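Scroll down for the structure; my scribbles are underneath it.
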Amino acid sequence: QSVLTQPPSMSAAPGQRVRISCSGRSSNIGNYYVSWYQQIPGTPPKLLIFDNNKRPSGIPDRFSGSRSGTSAALVITGLQTGDEADYYCATWDSSLNLVVFGGGTKLTVL
Amino acid sequence: EVHLVDSGGGLVQPGGSLRLSCAATGFTFSSSAMSWVRQAPGKGLEWVSGISGSGGSTYYADSVKGRFTISRDNSQNTMYLQMNSLRGDDTAVYYCAREPGSSWWFDSWGQGTLVTVSS
């Protein structure tokens, strides 16, 4: 069971908006920056968001991140079939003294 | 361009050892913390270990503490993961990843190397 809780799966139609949640506690999300990764099966993860809401160069502004209290969220707008992938949140946990990942959310674009 | 190449995976018997390597190019290696992250077949991502740019600080997940050792050779731009006393639940694809900032996010990843622990 992951320290950070994500919905196992979500689905939406092309063009729609989806919000993927990531729930933690004060020892992790509540006090540390959150990052988000996209992973297409068989390939390495790809950084989408760092420091809660910053995008690396090359990541379109359809992807946005936020954090409030002990929860974080990744929002994808204008869904495309190429967005079909697994999405993971991650942060540092000061109680466990390690990086923790969410269990991942499998996004299906119908 | 940042490029990470992980290698050293393979089939090993339970109780055996393996050393993974991560060769880095395209950035000042000694300026970046690095980590190993693994993914068991069909499962999610699990952070395994991290090391500071100088190598002076190391961190481990409880699941590998005492069995795995992370190290780096900044003169060779290479990071290592020595894995001893391997168990079946260590079977996974192991990725090396670069942490360029100070808040534990990973902007570049290796292609992954598969470690299979089985008799």
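Tell me: how much accessible area in total is hidden between A and B, 1.4 Å probe, Å², nearest 100? Numbers along the way, then the final one.
Working: alone 5810 and 5830 Å², together 10070 Å².
Heavy-atom accessible area buried at this interface is about 1600 Å².
What the phi angles of segment A:74-88 give under the Karplus curve with 6.51, -1.76 and 1.60, with θ = phi - 60°, is a coupling list of 10, 10, 10, 10, x, 3, 10, 4, x, 7, 5, 5, 9, 10, 10 Hz, glycine and proline written as x. B:E46 contributes about 70 Å² of solvent-accessible surface, heavy atoms of the protein only, 1.4 Å probe. Segment A:8-105 has equivalent-ellipsoid semi-axes of 23, 14, 13 Å, by the square roots of 5 times the alpha carbon gyration tensor eigenvalues, sorted largest first.
Evaluated with a Cβ-only charge set (Lys, Arg +1; Asp, Glu -1), the protein assembly as shown carries a dipole of roughly 280 debye about its Cα centre, given to the nearest 20. Computed in the context of the full set of protein chains, the accessible area of chain B at 1.4 Å probe radius has 45% of its extent on carbon or sulfur. Of the residues B:T28, B:V2, B:S118, the one whose Cα sits farthest towards the positive end of the charge dipole of the protein assembly as shown is B:S118 (charges of +1 on Lys and Arg Cβ, -1 on Asp and Glu Cβ, taken about the Cα centre).
By how many nm would the segment from B:S119 to B:D62 lengthen if fully extended, with 0.36 nm per residue of separation less the alpha-carbon distance? Could you put the intermediate results ahead of the total?
Working: separation 57, 0.36 × 57 = 20.52 nm, distance 2.45 nm.
Result for the pair: 18.1 nm of gain on full extension.
Cα gyration tensor of the protein assembly as shown, axes a ≥ b ≥ c as square roots of the eigenvalues: rounded (a/c below 1.5), prolate (a/b > b/c) or oblate? Prolate, since a/c reaches 1.5 and a/b exceeds b/c. Contact-buried residues of segment B:36-60, at a threshold of 20 Å² lost accessible area versus the chain by itself: B:Q39, B:G44, B:L45, B:W47, B:Y59 (1.4 Å probe; DNA, RNA and ligands ignored). Solvent-accessible surface (1.4 Å probe) assigned to B:K65 amounts to roughly 120 Å². For a paramagnetic label modelled on A:S94 (point 7 Å from Cα along Cα→Cβ), amide N atoms under 12 Å away belong, within segment A:21-53, to A:26-33.
With each label modelled as a point 7 angstrom along the Cα→C-beta vector, the B:Q111-A:N53 pair spans 3.9 nm. Computed about its Cα centre, the charge dipole of segment B:1-73 is approximately 220 debye, with only Lys, Arg, Asp and Glu carrying charge at their Cβ. Computed over protein heavy atoms with a 1.4 Å probe, the carbon and sulfur contribution to the accessible area of segment A:1-107 reaches 44%. Charged side chains reduced to their Cβ positions (Lys and Arg at +1, Asp and Glu at -1) give segment A:59-110 a dipole of some 100 debye around its Cα centre. Classify chain B as rounded, prolate or oblate, taking a ≥ b ≥ c as the square roots of the eigenvalues of its Cα gyration tensor: rounded when a/c is under 1.5, otherwise prolate if a/b is larger than b/c and oblate if not. Judged from the Cα gyration tensor, chain B comes out prolate (a/c at least 1.5, a/b above b/c). Taking every protein chain into account, the accessible area of the protein assembly as shown amounts to 44 square angstrom per residue (probe 1.4 Å). Classification of segment A:51-100 by its C-alpha gyration tensor yields a prolate form. The axis ratio a/c (a ≥ b ≥ c) is 1.5 or more, and a/b outweighs b/c.
Taking a Cβ cut-off of under 14 Å around A:S64, the surrounding Lys, Arg, Asp and Glu residues balance to a net charge of +3, with basic ones at +1 and acidic ones at -1. How much of B:V2 can a 1.4 Å solvent probe reach, expressed as accessible area in Å² and rounded to 10? Accessible area of B:V2: about 40 Å².
The values are calculated or read from the model by the stated rules, or taken from the named source; none is laboratory data. None of these values were measured; they are calculated from a predicted model. Methodologically, a virtual Cβ is constructed for each residue, glycine included, from the backbone with ideal geometry; neighbour enumeration extends over all protein chains shown. Heavy atoms of the whole protein, side chains included, go into the accessibility calculation; ligands, DNA and RNA do not. Shrake-Rupley method; radii C 1.70, N 1.55, O 1.52, S 1.80 Å.
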